[in-house]
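First comes the structure, then the notes that go with it.
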Amino acid sequence: MWKDLPTALRDVVEIADKTAAKASLLKVVNEAVTSAADSWDLMFGHLMAYKESMKEPESLHVPVNATVHGEPVGRWVAQQFLEWRSGTLSDQRKELLMQRGLDVNQEDARSFSEGLAAFEKHVEDNNGDPYVPRGHFTENGFALGAWATKQLVDWRMGHLSVEQQYMLWETKFSPAAHPESREAREITIAIETVLREAQLFPDSRKRAVFRAFASALLCQPHTSRSSCSGFAEHPPVPAVKP
């Protein structure tokens, strides 16, 4: 904290004895400066210190686990982005963050790309199963579960671009939540795929698809899975892109 003091305050402290008196006075000055400063400004100062300590200070990304002098600057930056998205962050603070290379739109684009790559690997590692538990983290610490939940919400709210929707769909990411049971999930995903693809066909073809869907739903509880899930396993329409 000594090196962070303004020169004038350093001079005052230097006058004190080079013993406990100096340490005591420094503590008083430190507490006075800290209490007088705005907490946001203090954290912004820590952010600048973090940026200066980086090997590539021009890098835009601040990991959520980033710290400097024991201060959680990564979590603080994440909180600023949350407030930015919700519209509660002031224009002045937005400008200050952008001057340090932090922009919510760029951060969202980076997060989407990182999450998409992590999701593709997750599907590959799980033999094609796209299910992601809510609290799931990847081996390198990426919060894939939270990312997947956000994509679901953004898709339903219409916040994803057509390009983003297409990229998600191509990686088997579903815009709807599915059961935790893999057996049940295979059926619901197949049904969702058929219904989604049916939107591209003429009304007559749609009716045929929906009739087949209704027939599958009317299977009796005692009916075997193999006979009841024929619709899901062999959709009555060819595979097409959304």
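No value in this document is a laboratory result; all are computed from the given coordinates. Note that the structure is a prediction, hence the values are computed from the model and not measured. Note: ideal-geometry Cβ built from the backbone for every residue, glycine included; neighbour counts use all protein chains shown.
Odds and ends about this structure:
- Net charge, TRP84 excluded, C-beta distance under 13 Å - Lys, Arg +1, Asp, Glu -1: -3
- One decimal place: the segment TYR166-MET98 gains 21.5 nm when fully extended, by the rule 0.36 nm per residue minus the C-alpha distance.
- In order along segment 101-109, the Karplus-derived 3J(HN,Hα) couplings, from 6.51 cos²θ - 1.76 cosθ + 1.60 at θ = phi - 60°, round to x, 10, 9, 5, 5, 5, 5, 5, 5 Hz, and Gly and Pro are given as x.
- Cβ-based net charge around LEU47, under 11 Å, with every Lys or Arg adding one and every Asp or Glu removing one: -1
- Each Lys and Arg adds +1 at its Cβ and each Asp and Glu adds -1 at its Cβ; summed about the Cα centre, segment 104-170 shows a dipole of about 280 debye.
- Around GLY141: net Lys/Arg minus Asp/Glu count, Cβ-Cβ under 15 Å: 0
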